[in-house]
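Below is one structure, written out as structure tokens, with a few remarks after it.
Just so it is clear, none of the values below were taken in a lab; they were calculated from the coordinates. All values derive from a computational prediction rather than experimental measurement. Cβ coordinates were reconstructed from backbone atoms using ideal geometry, including for glycine residues, and neighbour counts include every protein chain displayed.
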Amino acid sequence: MSQYVYLEPDRDRLAQVGPQFQSIGTSIVHSMADLESHLPRYPETLLVIVGASVPLDEVLMFTAYQRLQRPLIGVVLVRQNLDPADVLRCLRAGVREVIEESDWDGLRNACSRSVDLSKALSTTLHTSNEQTPYGRVITVFAGKGGCGRSVIAVNLAAALAAGGGRRVLLVDLDLQFGDVAIMLKLPPDRNIAGGIAMAGRLDEPGLRSIITPYKNGIDVLLAPSSPAQGEHVRRELVVEILDLARPNYDFIVVDTPALVTDQVLAALDISDWLVPIVTPDLPTLKSVRLTVEMFDMLDYPKDRRMLVFNRSNTEVGLTAADIEEAVGMPFAVHVPSSREVTISVNRAEPLYMTSPTHPFSLAIGRLADLCTGVQRAAVQKKRLFSRAGKDRR
Ligand SMILES: Nc1ncnc2c1ncn2[C@@H]1O[C@H](COP(=O)(O)OP(=O)(O)OP(=O)(O)O)[C@@H](O)[C@H]1O
Ligand SMILES: [Mg+2]
């Protein structure tokens, strides 16, 4: 989501400067391996800040490789002391600037210069990564059954597809009791279980062979037709599927069961947006609090979470403010309750497609807008960063 990444394995150093980076939307990674898996997922990245505790040889190898693979990315290196011989080696490998750890202003300015250079390069090279499709993963989740995950996932996929303007993959990770097939009246024969035999060597034709095309640019990866098969879908297969699908779609919407399974965690781990759903009843409220605590424990960034209040207009004694306070975050969207929703489910036609101006559909449309606003948000943060740096010059 962010265009900046800060790599710092040392927790103490991170505690000192990490919050300042995070406040301007920088992603934090803790190891070179995490950084290497982060970059292909966030092709909009323009800047990698490498912290002082990363061994120099690792930095040099990484930078020399990135210079060829992703020339738009600038590497700014932080060192405890500046040794002229090391600085020279770094610059030769393609590091843009080397800054002393104590020089916070110098670091901001170096980052700002590097981002400006990347932007200028991107214009000249005509290789803006934003033009490359790279599916944003949105995982709809609730620790309690029946709160509307599937109906929201299906309609969100329809809203994101924008009548065929975007390519969307809807994945049913409710591997035991997935409802997407009946909600969209799709034949259940092609489904994720077909991928089990291809695990570890899945390719695009293989993935296409288990996907069911729906309409308006929406493809669907259904849950297994028998609950027993779901147990054989391993976490690694889910990662393999999502990684393989991302370059071919603009968005991937993942529906989940009411349990935090290994497969669900795999999807949550690589999600750009986490969408917890809450309805106004105490058991669901309790489960969403636990969900948010789990997100905190797993270090999922707060700005990637969008809390959805489903059945928001149901008068049952719990107000939106009560729930926001209990969960500790504001609602991104209020989705009203309406019998038209249930009727549309029974007709197996997403309400967003049949009645795009229905209040339910308008709410789902707002959720889709928030999901598509990723690029806009990133650009705003980028400007903030540039300005902060320039003000100090
Ligand atoms: N906003 C709403 N207005 C009216 N009915 C709704 C709304 N949201 C969900 N429902 C109804 O609630 C029922 C459960 O919804 P859904 O299947 O989407 O929930 P779920 O969280 O996926 O449940 P499960 O645990 O079974 O997977 C459905 O019949 C659906 O039509
Ligand atoms: Mg469901």
Among 53-59, 270-276, what's the highest-first ranking by average C-beta atoms within 10 angstrom per residue? 270-276, 53-59
Share, in percent, of DSSP beta bridges within region 136-372 that are antiparallel, nearest 5: 10
Applying a 10 Å radius around every beta-carbon, put 71-81, 166-176, 136-146 in order of their mean neighbour count, most first. 166-176, 136-146, 71-81
Could you tell me the relative contact order of the chain? Use alpha-carbon pairs under 8 Å, at least six residues apart, and round to a whole percent. 17
About the Cα centre, charge dipole magnitude for the chain (Lys/Arg +1, Asp/Glu -1 at Cβ), debye: 1120
Summing -39500 (n - 2.57) over the DSSP H runs of n ≥ 4 in the chain and dividing by its residue number, what mean residue ellipticity at 222 nm do you reach, to the nearest 500 deg cm²/dmol? -14000 deg cm²/dmol
Based on the Cβ-Cβ distance from LEU121 to ALA197, what FRET efficiency comes out when R0 is 45 Å, to the nearest 0.05? 0.55
Relative contact order of region 262-318 (C-alpha contacts under 8 Å, at least 6 apart) in percent is 48
Mind checking which of SER37, LEU160, ILE138 is farthest towards the positive end of the chain's charge dipole, using Cβ charges of +1 (Lys, Arg) and -1 (Asp, Glu) about the Cα centre? LEU160
Neighbour net charge for ALA153 - beta-carbon separation under 10 angstrom, K R +1, D E -1: -3
Non-local amide H neighbours of LEU170 (under 5 Å, H modeled in plane, Pro and chain starts lacking H): which ones? ASP219, VAL220, LEU221, VAL253
Nearest 20 debye, what's the magnitude of the dipole of region 11-88 about its Cα centre given +1 on Lys and Arg Cβ and -1 on Asp and Glu Cβ? 180
The extension gain from LEU91 to GLN20, computed as 0.36 nm times the residue separation minus the Cα-Cα distance, is 23.0 nm
Compactness check, region 4-131: C-alpha Rg relative to the 2.2 N^0.38 Å globular estimate gives 0.98
Three-way shape call for the chain based on the alpha-carbon gyration tensor, with the a/c threshold at 1.5: prolate
Whole angstrom only: what separates the Cα centroid of region 315-330 from the Cα centroid of region 334-366? 23
Run the quick spin-label model on LEU244 and ASP57: label points 7 Å from Cα toward the beta carbon, then report their separation in nm to one decimal. 3.6
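Can you tell me how much longer the chain between THR314 and ARG67 gets when fully stretched, taken as 0.36 nm per residue apart minus their C-alpha distance, in nm with one decimal?
83.4 nm
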Percentage relative contact order, region 103-225, counting C-alpha pairs under 8 Å, at least six apart: 26
Counting Lys and Arg as +1 and Asp and Glu as -1, each charge on the Cβ, what is the dipole of region 15-159 about the Cα centre in debye, to the nearest 20? 640
Can you tell me which of 83-91, 332-340 comes out highest on packing, and rank the rest after it, using the mean Cβ neighbours within 10 Å? 332-340, 83-91
PRO224: net charge of surrounding residues, Cβ under 15 Å, Lys/Arg +1, Asp/Glu -1, itself excluded? -4
